[in-house]
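Working notes, beginning with the structure itself.
The values are calculated or read from the model by the stated rules, or taken from the named source; none is laboratory data. Predicted, not measured: the structure shown is a model, and the values here were computed from it. Glycine gets a Cβ as well: all are built from the backbone with ideal geometry, and neighbour counts include every protein chain shown.
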Amino acid sequence: MAPITSSRVEFDEIPTVVGIFSAFGLVFTVSLFAWICCQRRSAKSNKTPPYKFVHVLKGVDIYPENLSSKKKFGGDDKSEGKRKAAVPNLSLHLDLEKRDLNGNFPKANPKAGSSSDLENVTPKLFGETEKEAVSPESLKSSTSLTSEEKQEKLGTLFLSLEYNFEKKAFVVNIKEARGLPAMDEQSMTSDPYIKMTILPEKKHKVKTRVLRKTLDPVFDETFTFYGLPYPRIQELSLHFTVLSFDRFSRDDVIGEVLIPLSGIELSDGKMLMTREIIKRNAKKSSGRGELLVSLCYQSTTNTLTVVVLKARHLPKSDVSGLSDPYVKVNLYHAKKRISKKKTHVKKCTPNAVFNELFVFDIPCESLEEISVEFLVLDSERGSRNEAIGRLVLGATAEGSGGGHWKEICDFPRRQIAKWHMLCEG
């Protein structure tokens with residue numbers, strides 16, 4: 001009987017051993033899987049992101065060939081001078097010791113300079129390399145102004161263009177602007193910044209930082225666009241919009257500059273340019289386009305159905321090309337907005353088709369104190385959207401808006417659609 005008892009004990013210990021080995025195997029498998037996931041994640045983080053363009057601020061050089069997870073901060077004055085002389089610098093470097101709140105280096109002479117002082121500063125600013133050449137078109141721009149433009153001077157934009165053949169990169173450096181008008185009547189100054197768009201595709205929209213309370217902003221910001229063959233440069237145009245930031249409303253447009261690149265030779269090196277800032281395209285105010293809307297008042301449910309159908313003949317937002325329109329619908333009761341809706345954005349079209357329906361609950365039994373406002377806006381990524389046109393339907397509305405509203409009130413439960421001319425927003 002003794003051998004039989006020992007064999008039973010051995011059989012009882014086998015499940016325990018198997019369970020222990022299974023637990024160790026499970027822990028090892030989970031640890032191995034976690035290690036593999038960490039390795040893959042770290043490998044992905046070290047990969048260089050595919051930049052379409054590179055933005056270089058003053059003292060900050062970013063190039064996609066040599067980006068790493070380590071960032072170097074600080075640096076002495078000697079190395080700072082070497083970096084400026086040898087651009088591009090293949091590292092991410094931020095020198096934050098000697099900058100003000102706007103990111104500018106403090107000037108040695110903060111006193112307000114006279115016209116002779118400005119003349120002395122000019123050759124220092126633009127005497128950078130021996131290969132740099134001043135565009136002949138920039139010399140003509142100062143003499144080709146009309147009498148109206150001379151009466152209202154909007155300032156001058158200074159920039160440089162360069163093409164890097166080794167990297168197939170187009171480099172635009174926005175240096176500064178001078179003599180901008182004051183957009184703030186109280187402080188008699190502006191908060192300027194510049195938006196740049198490459199035409200005709202409008203794929204690349206970039207902008208500088210905002211500089212506070214200055215009429216002579218020094219940006220010194222570089223935008224590098226990779227993957228542009230040199231023959232393609234001749235087909236493009238650069239559009240610059242100079243604006244003044246406004247915290248409480250839409251930013252004020254100071255003016256614009258359009259530079260066609262056809263005929264500009266960049267094979268000899270960096271080219272410096274000066275352009276007079278002109279008024280925004282005046283064609284925009286000649287016609288705002290039309291909007292087709294359909295409305296129906298349901299007296300039984302006390303609701304108003306609004307359908308935004310189409311828009312046609314919408315103007316260009318500026319000389320940069322077609323707008324990206326959408327419609328914002330606001331419902332007012334006794335001149336107080338009680339509800340708002342908006343359509344989807346339609347890309348790059350003057351004749352948009354929306355076909356979107358909205359239902360509003362009316363807080364009163366009649367439409368006497370109700371009005372509907374339609375705002376057609378141009379969607380701008382990274383900045384405030386600009387109004388293309390406006391339409392108001394209501395009892396006190398003028399023109400076709402008042403007539404359309406009267407029909408809606410006279411014929412409830414009937415969907416009534418009409419085209420309306422848009423007015424200035």
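For the stretch 172-198, which residues satisfy the criterion of being touching a residue at least 60 places away in the same chain (Cβ under 8 Å) and hydrophobic (A, V, I, L, M, F, W, C)?
If the condition is that a residue be touching a residue at least 60 places away in the same chain (Cβ under 8 Å) and hydrophobic (A, V, I, L, M, F, W, C), then Val172, Ile174, Ala177, Leu180, Met183 are the ones that fit.
When you scan the stretch 284-294, do you find a residue that is under 28 Å from Ile338 (Cβ atoms) and among the small types (Gly, Ala, Ser), even just one?
Within the stretch 284-294, one or more residues are under 28 Å from Ile338 (Cβ atoms) and among the small types (Gly, Ala, Ser).
Sort out which residues of the stretch 223-243 are more than 18 Å from Glu276 (Cβ to Cβ) and either of a type in the set (A, V, I, L, M, F, W, C) or touching a residue at least 40 places away in the same chain (Cβ under 8 Å) (or both), and write them in order of number.
Within the stretch 223-243, Phe223, Thr224, Phe225, Tyr226, Gly227, Leu228, Pro229, Tyr230, Ile233, Leu236 qualify.
Among (1) of a type in the set (Ser, Thr, Tyr); (2) farther than 30 Å from Lys205 by Cα; (3) modelled with pLDDT of 90 or more, there is one condition Ser366 misses while meeting the rest; what is its number?
Failed condition: (3).
Got a number for residues in the stretch 366-397 being in a loop (DSSP other than H, G, I, E, B) and under 29 Å from Asp246 (Cβ atoms)?
Of the residues in that region, 8 qualify.
Filter the stretch 326-365 for residues that are touching a Pro at 6+ places or on another chain (Cβ under 8 Å) and part of a strand (DSSP E or B) and give the result.
If the condition is that a residue be touching a Pro at 6+ places or on another chain (Cβ under 8 Å) and part of a strand (DSSP E or B), then His333, Ile338 are the ones that fit.
Keeping to the stretch 159-208, report how many residues are over 30 Å from Tyr230 (Cβ atoms) and among the charged types (D, E, K, R).
Selection size over the stretch 159-208: 4.
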